[in-house]
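Single-structure report; data block below.
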Amino acid sequence: MEPKCAVGNFDDQLNRALEAIRQQGLWRTLRRLDSPQGTRVRIEGRDLLNFSSNDYLGLASHPGLAEAAARALAQYGAGAGASRLVCGSLAPHEELERSLADFKGTPAALAFSTGFAAAMGTIPALLGRGDIVILDKLAHACLVDAAKMSGATLRVFAHNDLADLEKKLAWAAKESAKAAPTAASPRTLVVTESVFSMDGDLAPLREIVALKNQYHAWLMIDEAHATGMFGARRTGLAEAAGVAGQIEIHMGTLGKAVGAGGGYICGSQTLRDFLINRARSFVFSTAPPPAAVAAANAGLELIRSEAGERLCADLWARVDQLRARLTAAGLTVPAARSPIVPLVLGKEDVALRAAQELLAKGFLVPAIRYPTVARGKARLRVTLSAAHTAAEVDALAAALSKIL
Ligand SMILES: *Cc1c(COP(=O)(O)O)cnc(C)c1O
């Protein structure tokens, strides 16, 4: 008998796994987008109203960012060429980090090529075997993967549950006390998102900071969905909660409200020096393209300006409008006031069908399913942007009221 061709066998195995994914209603495909990112997009020949993006302030297609990128492209070319430790650190990267630190009110900042890379570089640099990492149950995949990769003992606390967090911290303190007095004393790091990506709810940061102080732990917060929108200066939920100065590690992305791409860590100068030496996704990775970095810097500048203040006010007006319309239609809106408005429907196929009906009416609202959220917690995830008009939000509310 002919031995089965190796590639055929490889694909057979993958296809069996894919079949299982299909049967669970979890099949995913890519759809070609033929317009810039924005509130109106052209996907596979259809014009759709987009309520699915994380481009909360509409900066992804803002001409100011594109112009900054074009200038950097002309001045520095397309590629960064190497890791910043190898060929020198380009001016745009240095400028971005200065403005990030200034914006966040931290002594220093370090840019990464993505938010995912920032997490994967930072947690394993800070922790190793013998240390303890305590994660919120709904923390983003990059935080989970980074925590696992670090080799530290991983504990998960129930989502936003302070009593459970305290239980885990008390356990960690006891474990640390047991360690041999000669060994470097084990460290405990608490990790949470500030505004949760799929639920839109807010971490009780003031209380979490009090607990981590009480138990002498460190705290890392991921502000991916808060930077640009929360706090009087729009720096994030830590600012809004008045605890920014007590958080050791501020993390986020430059690809959402900031409108460009990349990730960052903000904190002390020592943290920056440490990560430059120890974060493997920084040390062993090509620096982000100068154009992307310049666009991110322009996005940050815009957020800090009066124009940014206006955009942020527009966004919150749309949030309040949608919540009021849905409530008036008898639908339950989430408790937290947030640009992320999840409508939890439960079964995967129910959420998928609702998304398809919306699509037929010209609205792009994604059905979010396992593994992005827990099984049986499938939902429509509506995200709002400062670039949506009041009429567009009304149209979505009417369509949702009809379908749900
Ligand atoms: C999007 C996201 C990230 C990753 O950021 P990228 O820059 O897109 O890699 C990290 N954390 C959370 C909570 C996110 O939503």
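The set of residues from segment 210-229 being away from the ligand (no atom under 16 Å from the Cβ) and not in a loop (DSSP other than H, G, I, E, B) comprises A210, L211, K212, N213, Q214, W218. Filter segment 253-284 for residues that are over 15 Å from A101 (Cα atoms), open to solvent by 40 Å² or more (accessible area, probe 1.4 Å) and assigned to a loop (DSSP other than H, G, I, E, B); which is farthest from the ligand (Cβ to nearest atom)? For segment 253-284, the residue satisfying everything is F284. Considering only residues that are among the polar types (S, T, N, Q), out of contact with any Asp or Glu (no Cβ under 8 Å at 6 or more places or on another chain) and closer than 26 Å to C312 by Cα, which ones fall in segment 352-390? T383, T389, listed by residue number. Residue-level check: of (1) in contact with a strand residue (DSSP E or B) (Cβ under 7 Å, 6 or more places away or on another chain); (2) closer than 28 Å to R369 by Cβ; (3) touching a residue at least 12 places away in the same chain (Cβ under 8 Å), A217 misses just (2). Checked against (1) surrounded by fewer than 21 Cβ atoms within 10 Å (Cβ to Cβ); (2) within 16 Å of the ligand (Cβ to nearest atom), A232 passes all but condition (2).
In the condition set (1) within 12 Å of the ligand (Cβ to nearest atom); (2) among the β-branched types (V, I, T); (3) free of Cβ contacts under 8 Å to residues at least 60 places away in the same chain; (4) open to solvent by less than 10 Å² (accessible area, probe 1.4 Å), V144 is compliant with all but (4). When segment 110-127 is limited to residues that are touching a Ser or Thr at 6+ places or on another chain (Cβ under 6 Å) and away from the ligand (no atom under 11 Å from the Cβ), the one that is most open to solvent (accessible area, probe 1.4 Å) turns out to be P124.
Of everything in segment 11-46 that's loosely packed, with under 13 Cβ neighbours inside 10 Å and touching a strand residue (DSSP E or B) at 6+ places or on another chain (Cβ under 8 Å), which residue is farthest from I368 (Cα to Cα)? Applying the filter and picking the extreme gives D34.
Within segment 285-294, the set of residues being more than 13 Å from the ligand (Cβ to nearest atom), assigned to a helix (DSSP H, G or I) and out of contact with any Asp or Glu (no Cβ under 9 Å at 6 or more places or on another chain) comprises P290, A291.
The values are calculated or read from the model by the stated rules, or taken from the named source; none is laboratory data. Keep in mind that this is a model prediction, so the values were computed, not measured. Ideal geometry is used to build each Cβ from the backbone, glycine not excepted, and the neighbour counts take in all protein chains shown. Note: areas computed on protein heavy atoms with side chains; ligands, DNA, RNA excluded. Shrake-Rupley method; radii C 1.70, N 1.55, O 1.52, S 1.80 Å.
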